[in-house]
Amino acid sequence: MSERKHIVDGLSYGLRTKGLIYTKILGWVDLGHARGDDMRRLKKILFEEKGRKFFPKLNEWYFPVDYYQEMAYLIDGKELNIWGGIHSPLMVRSCLSDEMKKRVALTIMMKIAWRFEAFQDSSIINWKTDSGFSCEDLVSDLVGFYRIFGNDVDVLRLAQPTRLTYALSIWDHYGPMGGFKNYGFRPLLFPQPCPPKKFLPRLGYVPSWLDYIKPLGDLSKKFISNRYLNTPAKDLFADKNRLNGEAYITLRNGFDFRYKPEMPSHFNFHPHHPFAPDYFSIGGDSPNPTW
């Protein structure tokens, strides 16, 4: 949950790994999301292609990908803290072009980031925090993606970060950003305060330098597939464009795991699986696809 004390001078973004800044083009940006640790990990997985395997019925090579976003509930005086999030067990087709891998990465991030925000906005979480779909989250995730997968353009500089006094005036005029929900990747902009008038934020547009890589609109071509029992799952969901997002919880200490490609140990709340495993096979259909 973001607080006023987390706001920092926008011109110092290059020296910081966390904090909130206000930008004239993208609105509020969370530097923690925007540093792209999850994207750096995903890029390593996609380009190394470890564990790839040939699946005769598909006549293609695939390798496993585990992408996740999570949050921590820190317990004072305890070595182990509670972590919860969304894990997406996937298979990605091997030997894709670099440009296609970027599109695959963007697709994974956008779908699972939205699912994670919905998890934070659920009744089991939102009593504690207003972070779910907070106006800066998804836009900051998009910034993090382009800082890792983009063409070496300083997107935060192009976003026109503002000085601390300006950012504080936005917060003081409009109130905490968690009170403004944003369910998409377009920025929510807050007009410059002009008392005594009370303005409302407006939805902006994604600039071209955050829009030249396109997510995949149709997942039926199987560049990405859900994974079940270490196998590409053809019909895990009735919606062919749905990526699996498993809600999980775990006890863990420290942050070093975030830089490792492996999914940390965890417990799924309600794992998705086919109703009839005997009918579930590569190239076959499940008669009762489950949500």
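The values are calculated or read from the model by the stated rules, or taken from the named source; none is laboratory data. The model shown is predicted, which means the values in this text are computed figures rather than measured ones. Ideal geometry is used to build each Cβ from the backbone, glycine not excepted, and the neighbour counts take in all protein chains shown. Side chains included, ligands, DNA and RNA excluded: accessible areas come from the protein's heavy atoms. Shrake-Rupley method; radii C 1.70, N 1.55, O 1.52, S 1.80 Å.
Whether any residue in region 75-84 is within 21 Å of the chain's Cα centre (by Cα), aliphatic (A, V, I, L, M) and at pLDDT below 85 is what I want to check.
yes
Residue by residue through region 133-159, note down the ones that are over 24 Å from residue 183 (Cβ atoms) and among the polar types (S, T, N, Q).
Result: 151, single match.
Which ones in region 131-143 are of a type outside the set (D, E, K, R) and in contact with a strand residue (DSSP E or B) (Cβ under 9 Å, 6 or more places away or on another chain)?
Residues satisfying the conditions are 131, 132, 133, 134, 135, 139, 140, 143.
Among the residues of region 1-13, how many are part of a helix (DSSP H, G or I) and either in contact with a strand residue (DSSP E or B) (Cβ under 8 Å, 6 or more places away or on another chain) or touching a residue at least 40 places away in the same chain (Cβ under 8 Å) (or both)?
5
Specify the residue that is modelled with the lowest pLDDT; the eligible residues are those in region 170-185 that are surrounded by fewer than 16 Cβ atoms within 10 Å (Cβ to Cβ) and part of a helix (DSSP H, G or I).
Here the residue is 179.
Kindly provide the set of residues from region 145-163 that are open to solvent by less than 60 Å² (accessible area, probe 1.4 Å) and in a helix (DSSP H, G or I), ordered by number.
145, 146, 148, 149, 155, 156
Output the qualifying pairs, or none if there are none: Cβ atoms under 7 angstrom, residues six or more apart or on different chains, first residue in region 251-272 and modelled with pLDDT under 65 and in a loop (DSSP other than H, G, I, E, B), second residue surrounded by 13 or more Cβ atoms within 10 Å (Cβ to Cβ) and not acidic (Asp, Glu).
Hits for this filter: 261/41; 261/44; 261/45.
Pairs under 7 Å by beta carbon, first residue closer than 12 Å to residue 28 by Cα and in contact (Cβ under 8 Å) with a residue 40 or more places away in the chain in region 163-191, partner in a helix (DSSP H, G or I) and open to solvent by less than 30 Å² (accessible area, probe 1.4 Å), six or more apart or different chains?
167/10; 182/138; 187/139; 190/170; 190/174
Restricting the search to region 20-50, which residues are within 15 Å of residue 188 (Cβ to Cβ) and either surrounded by fewer than 18 Cβ atoms within 10 Å (Cβ to Cβ) or over 16 Å from the mean Cα position of the chain (by Cα) (or both)?
Correct list: 20, 21, 22, 23, 24, 25, 26, 27, 28.
Considering only residues of region 1-19 that are open to solvent by 90 Å² or more (accessible area, probe 1.4 Å) and not basic (Lys, Arg), which is nearest to the chain's Cα centre (by Cα)?
1
Out of (1) modelled with pLDDT of 95 or more; (2) open to solvent by less than 50 Å² (accessible area, probe 1.4 Å); (3) of a type in the set (D, E, K, R), the odd one out for residue 136 is which?
For residue 136, the failing item is (1).
May I ask you to verify whether residue 205 is within 23 Å of residue 111 (Cβ to Cβ) and part of a loop (DSSP other than H, G, I, E, B)?
Yes; evaluated as a whole, the condition is true for this residue.
Any residue in region 105-124 that is more than 14 Å from residue 84 (Cα to Cα) and open to solvent by 30 Å² or more (accessible area, probe 1.4 Å) sitting within a Cβ distance under 9 Å of a residue that is outside any helix (DSSP H, G or I) and hydrophobic (A, V, I, L, M, F, W, C)? List the pairs, counting only those 6 or more apart or interchain.
110/185; 111/243; 114/133; 114/185
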